[in-house]
Amino acid sequence: MTVAAAEITNMPRRSGLWHFVRRNPTLVGGSIVLILVALAALAAPLIAGDPIAAKPANRLRPPSHLNWLGTDQLGRDVWARTVYGARISLVVGLAVATIAMAIGLLVGLLAGFSRTVESVVMRLMDGLMAIPAILLAIAFVSLSKASVSIVVAAIALPEIPRVVRLVRSVVLSVREQPFVEAAVASGTRLPKILSRHILPATVPPLIVQATYVAASAILIEAALSFLGAGTPPEIPTWGNMIASSRVYLGLAPWTIFGPGLALALIVLAVNLVGDGLRDRLDPRIARRM
Amino acid sequence: MTRRAATSRRKFLQTGLAAGAAAAAPGRLTAQSAPPAAKTIRAVMHGDLTVLDPIWTTANMSAYHGAMLYDTLFGIDANLDTKPQMVAKWGASDDKKTWTFELRDGLKFSDGSALTSEDVIASLRRWAARDGAGQHMMQRVSDIAKKDDKTFQFILKEPYGYLVDALGKTSTPLCYIMRKKEAETNPMEKITAYVGSGPFTFNENETRQGVRYVYDRNPNYVPRSEPASGLAGGKVAKVDRIIFENMADSQTALAALQAGEIDFYETPPIDLIGQLEGDSNLTLEVLNKTGNIGWLRMNFLHPPFNNVDARRAMLYLLDQEDFMKATFGNPKYYRKCASNFGCAVPMENDANTGWFKEAPNPAKAKEFLQKSGYKGEPILLMQATNIDFMRNAADLVAGALRSIGANVQVASSDWGGVVNRRAVKAPPDQGGWNLFITWADGNAVSNPIALAGHAATGEKAWFGWPSDAKNEELRDKWALAASLAEKQQIARELQENAWNFVPHVWLGQWVAPTARRKNLTGLLAVPGVVPFWNAQKA
Amino acid sequence: MLAFIIRRLLSTLLVMGLVGVFIFLLLHLSPGDPAAIIAGDNATPTQIEAIRTSLGLNDPLHLQFGRWAVRVLSGDLGISIFSNVPVATLIAQRVWPTLSLAFTTIVLAVLLAVAAGVLAAWKAGSFLDRLVMILSVVGFSVPVFVVGYLLIYVFAITLRWLPVQGYTPLAEGLWPWARHLILPSLALGLAYVALIARITRTAMLDVLAEDYMRTARAKGVATGPMLFKHALKSAGVPIVTVVGIGIALLIGGVVITETVFNLPGIGRLVVDAISKRDYPIIQGVILLFSGVYVIINLLVDLSYTLLDPRIRY
């Protein structure tokens, strides 16, 4: 180890963290916002009132000390619904991303390894990708009954093909690497090749992809609610809050302001985290920094 | 770049452009001249016109379409009195079992062919096959006979006082008169040609399904000489063209009205009426004074609402004020109503309305619910998410039931999903249901025969399948009653009985003001239909 | 090259076949069908069942699918259950607003986005670069209908510069056609501007860092031609890829925009059909959309040969 390197490793930790923040502003900024929102969502019963209790006599009241973000057309507290809405939106985003990544990873790995599976699966994925995602989601939800799990499934389904493609291309490129060929030649069993070489290579692009999928899932949920094919209106989600209050854009903008701002903020945050991660994990870009 | 690459690139571009041009050529030119804007009314109504056969469906939009194209034998005027329209004179025999009707002169179809009693009879039969009141009537009819081209007769098995009113009722489907050719279409199928007897013709060329529906003035129509009133009197078309624009989004429709891009908007959201009231170019007017009544249907086939105490609990539980305020905001446009036949109508009465004075009384509701033997099983409430009133009402019903400890499962879907599921008679956990919400036209509700929902014939009844023999007995009596006073008395008895067995629960009555540009005048106030004859733009 | 195109077209047919099966299964395996909706409010369960049988909905699935597949292969997309109008006619009537919207959105988005992306790449690391990137992330974080309503509120209602809604065919004049499409294109295009700008910037950064660009700069090639003629062309492949993906996503975004701005296009046609369970329309339109998607992919791949001479099929 050279003297310079030793000096670097002996640097006090504080400036290390500051350095990290300076070099990854988007990642840090986005993460902070996300963490704050997640904490707020968890602490919902403590910081917000009842999101479901309807008192029509109190409808459309502007923000006041009683109702921080005013009330909606059924007299429900907008602040409470916005905070509880964070739960669903975060869960939808997380669930869609997890399901899409998990299934996509599995299928992609299979496709990367088996020629027969690949030809069948890739055609199926092409077919699935060819159907416009939002139409598939609307059809799925409209034809079943509306519930959070159906909406999650409906949004996750069209995302799977892209993940499969991503995983498959990673598998294919890693398989060609000399060290993998060497491992195969020396008789290493498949599970070990998978865990030692293949999987670690898929993780960075998958994580980045997962963040974009999560952000887009939250937006798609809003769009589905707008078109009447979203989560049941009883359960507040930012999407269905905006959708059912949209008539009041001019009359009572606070009904849209709360969820709208929250929605934009969290999607922004997730996208920023995705960007930050990609900048760090993509070897080409990281090299340049 | 190599020459070979350059050549192939140019070729690529050339073939591409040629292909694109071929694909892009529209090949259609609408050379049809449209009437001037001053003679065209552009209207946004409450929904899309999906079925063009107004006999086959009960959808109100189809009834509006029917009113443009077809004429009726009788029509109600602004005072809800039945007046003759296509009929010149009519009378009954002394024993009241033979009714003779004579058509007025000059009646023609829009293709110029003469309208005779054969067309009328065929239309009547088809209508009766689809309509509840018509079916009720036909049970007492032994024949409808042609006497000559302008005269026909109803030959009854027993006197039926409701006959003429049934022919002129505005609850859907209305008794529209079509050509014999269309009227002979199987009642289970839809007609495919649209030649009518009314003041407008259907311009199929200009119509775009789901986008706009175009009606042109019928030059062959001969209106009556009296002034227009409701669906009675002379139907004089004072403009050349009416266009129904299908705008799904209420914000867009409202903004279009304010910008002058449309002339008439049937159902502006009541919360936004305020911003229209300030606009000097717009007028608000309630055309349908009996409005609509919110309707909670309960499933008589399965617990808990197969037990009368559970149904009574709902009467005491719900506060109509909440339901109305939530969706309609302004008390100017709604009221609570305890009468089984709606309010502001001749059949309104206050029999057996003690519960109304007490509601909401959650404690009493809870008592009744427990008395019914309810042990906490899930109550399946269907919610239509794409219709504001239904969506809000379901949230409120669920909240109210939960506040007395009931276990409510809300099944959300779009209205199509509700329509599908409400037809299922299986238990709720096997695809059925316990509760759903809709509404009914105020004028239709005021008629025990015309409204299918008033029948308590068990499994043959409307969704919910209420069952009560006394109800049916009294309904028959009502139909046979001759005078208004007699009808009102029987209505009292019906209601006395109804609020004992509780066939349904009302959620409040509201009227919806229409909004239009100030220069559009002459719109007729009548329930069930929005007529566009007599309307003109200054 | 020809062999490549033929192979791709064959695979297109296979893909569309798969799409057909997917959608058919989705529709027919889901609970509910158009019968009850068609029957109307006063129908009895017997009547509903009769309608179901007359529509063939009680036949075994493979029979129903076979029937539909045979018709589609002979060019017949079927007839709308509700309006009795052939699906192909409905599509033909309503395809122009959707195409117009897609066209103006893509043109607008590509122009704005490429300009922004090139600018950001050129001034990489500066405040302008950061601003463009932040604005672009905001751009695809806000739902289309919110942007749409805001635009209507500001430009149509308050300022009265542009119409609120509606569509005028091109045949009635270029400006009337265009002015009805400005707000919808902006609302819809915002997300794509964002996406394309980012990719443009990244791709441009990659290219600008290449040795031959440094040589060009050293040689004194002016900034304009350097950026647009040399760099952009080399960056073309990823940009065109994302434009292609964008077009595919556009098909979905069109649905919401058509509802907000009341454009009588195919997006609204299919959403209405879904709520009415009008199976022939749903199946026909989705099949059409997937066909368009696959063809666009093919065109994008073919365009690579123009942009990058190293790519040959």
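Remarks
- Output for segment A:118-166, where each listed residue is in a loop (DSSP other than H, G, I, E, B) and more than 11 Å from chain C (Cβ to nearest Cβ): A:147
- When the residues of segment C:168-187 are filtered to those that are within 24 Å of residue C:112 (Cα to Cα) and open to solvent by 50 Å² or more (accessible area, probe 1.4 Å), the one that is nearest to the other protein chains (Cβ to nearest Cβ) is C:170.
- Residue count for segment B:476-490, restricted to those that are touching a helix residue (DSSP H, G or I) at 6+ places or on another chain (Cβ under 7 Å) and either within 25 Å of residue B:438 (Cα to Cα) or open to solvent by 70 Å² or more (accessible area, probe 1.4 Å) (or both): 1
- Checklist (1) under 28 Å from residue C:259 (Cβ atoms); (2) within 14 Å of chain A (Cβ to nearest Cβ); (3) more than 28 Å from the chain's Cα centre (by Cα); (4) aliphatic (A, V, I, L, M) applied to residue C:38, failing item: (2)
- Against the numbered list (1) modelled with pLDDT under 90; (2) in a helix (DSSP H, G or I); (3) polar (S, T, N, Q), residue A:82 comes up short only at (1).
- Test: residue in segment B:394-403 that is surrounded by fewer than 17 Cβ atoms within 10 Å (Cβ to Cβ) and more than 14 Å from chain A (Cβ to nearest Cβ): no
- Filter result for the condition that a residue is open to solvent by 10 Å² or more (accessible area, probe 1.4 Å), free of Cβ contacts under 8 Å to residues at least 12 places away in the same chain and closer than 24 Å to residue A:191 by Cβ, over A:117, A:174, A:121: A:117
- For segment B:448-457, a residue qualifies if it is within 12 Å of another protein chain (Cβ to nearest Cβ) and over 16 Å from the mean Cα position of the chain (by Cα), and the qualifying residues are B:455, B:457.
- Residues of segment C:84-142 classified as open to solvent by 50 Å² or more (accessible area, probe 1.4 Å), basic (Lys, Arg) and in contact with a helix residue (DSSP H, G or I) (Cβ under 7 Å, 6 or more places away or on another chain), total: 1
- Among the candidates C:162, C:190, residue that is open to solvent by 10 Å² or more (accessible area, probe 1.4 Å), part of a loop (DSSP other than H, G, I, E, B) and in contact (Cβ under 8 Å) with a residue 12 or more places away in the chain: C:162
- One residue from A:102, A:182 being open to solvent by 10 Å² or more (accessible area, probe 1.4 Å), under 28 Å from residue A:223 (Cβ atoms) and out of contact with any helix residue (DSSP H, G or I) (no Cβ under 8 Å at 6 or more places or on another chain): A:102
- Scanning segment A:149-164 for residues that are closer than 18 Å to residue A:118 by Cα and more than 14 Å from the chain's Cα centre (by Cα) yields A:161, A:162, A:164.
- Selection count, segment B:217-256, where residues are within 27 Å of residue B:175 (Cβ to Cβ) and away from chain C (no Cβ under 14 Å): 25
- Taken over segment B:223-240, residues that are open to solvent by less than 20 Å² (accessible area, probe 1.4 Å) and more than 19 Å from residue B:73 (Cβ to Cβ) amount to 1.
- Per the listing B:494, B:524, B:507, the residue uniquely in a loop (DSSP other than H, G, I, E, B) and either of a type in the set (A, V, I, L, M, F, W, C) or in contact with a helix residue (DSSP H, G or I) (Cβ under 7 Å, 6 or more places away or on another chain) (or both) is B:524.
- One residue stands out in segment C:76-105 among those that are part of a helix (DSSP H, G or I) and polar (S, T, N, Q): the one that is nearest to the other protein chains (Cβ to nearest Cβ), namely C:93.
- The set of residues in segment B:426-450 that are open to solvent by 20 Å² or more (accessible area, probe 1.4 Å) and out of contact with any Leu (no Cβ under 6 Å at 6 or more places or on another chain) comprises B:426, B:427, B:429, B:430, B:431, B:439, B:441, B:443, B:447.
- Here residue B:429 clears all of (1) modelled with pLDDT under 90; (2) within 21 Å of the chain's Cα centre (by Cα) except the condition numbered (2).
- Residue in segment B:429-442 that is closer than 30 Å to residue B:261 by Cβ and in a strand (DSSP E or B) present: yes
- Of A:70, A:49, all but one fail to be closer than 30 Å to residue B:272 by Cβ and in contact with an Asp or Glu (Cβ under 6 Å, 6 or more places away or on another chain); the exception is A:49.
- Restricting segment B:460-474 to residues that are free of Cβ contacts under 8 Å to residues at least 60 places away in the same chain and touching a Ser or Thr at 6+ places or on another chain (Cβ under 8 Å), the residue that is nearest to residue B:171 (Cα to Cα) is B:461.
- Wholly within segment A:171-289, helices (runs of 4 or more DSSP H) carrying at least 1 residues that are of a type in the set (Ser, Thr, Tyr) and within 14 Å of chain B (Cβ to nearest Cβ): A:199-226, A:238-244, A:254-281
- Count - residues of segment B:272-306 that are under 25 Å from residue B:322 (Cα atoms) and part of a strand (DSSP E or B): 9
- Any hit, segment B:428-447, residues being free of Cβ contacts under 8 Å to residues at least 40 places away in the same chain and within 10 Å of another protein chain (Cβ to nearest Cβ): yes
- Residues of segment A:59-80 satisfying the condition of being surrounded by 18 or more Cβ atoms within 10 Å (Cβ to Cβ) and either touching a Leu at 6+ places or on another chain (Cβ under 8 Å) or within 12 Å of chain B (Cβ to nearest Cβ) (or both): A:59, A:60, A:70, A:71, A:72, A:73, A:74, A:75, A:76, A:77, A:78, A:79
- The set of residues in segment C:269-282 being within 10 Å of chain A (Cβ to nearest Cβ) and open to solvent by less than 10 Å² (accessible area, probe 1.4 Å) consists of C:270, C:273, C:274, C:277, C:282.
- Selection from segment C:50-74 of residues that are part of a loop (DSSP other than H, G, I, E, B) and either within 14 Å of chain B (Cβ to nearest Cβ) or open to solvent by less than 60 Å² (accessible area, probe 1.4 Å) (or both): C:55, C:56, C:57, C:59
Residue-wise test of (1) farther than 30 Å from residue B:475 by Cβ; (2) open to solvent by less than 20 Å² (accessible area, probe 1.4 Å); (3) part of a loop (DSSP other than H, G, I, E, B).
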residue: B:111; (1), (2), (3): yes, no, yes
residue: B:137; (1), (2), (3): no, yes, no
residue: B:154; (1), (2), (3): no, yes, no
residue: B:159; (1), (2), (3): no, no, yes
residue: B:181; (1), (2), (3): yes, no, no
residue: B:196; (1), (2), (3): yes, yes, yes
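The values are calculated or read from the model by the stated rules, or taken from the named source; none is laboratory data. Because the structure is predicted, anything quoted here is derived from the model rather than measured. So basically every Cβ, Gly included, is an ideal-geometry build from the backbone, and we count neighbours across all protein chains shown. Accessible surface areas use protein heavy atoms only, side chains included; no ligands, DNA or RNA. Shrake-Rupley method; radii C 1.70, N 1.55, O 1.52, S 1.80 Å.
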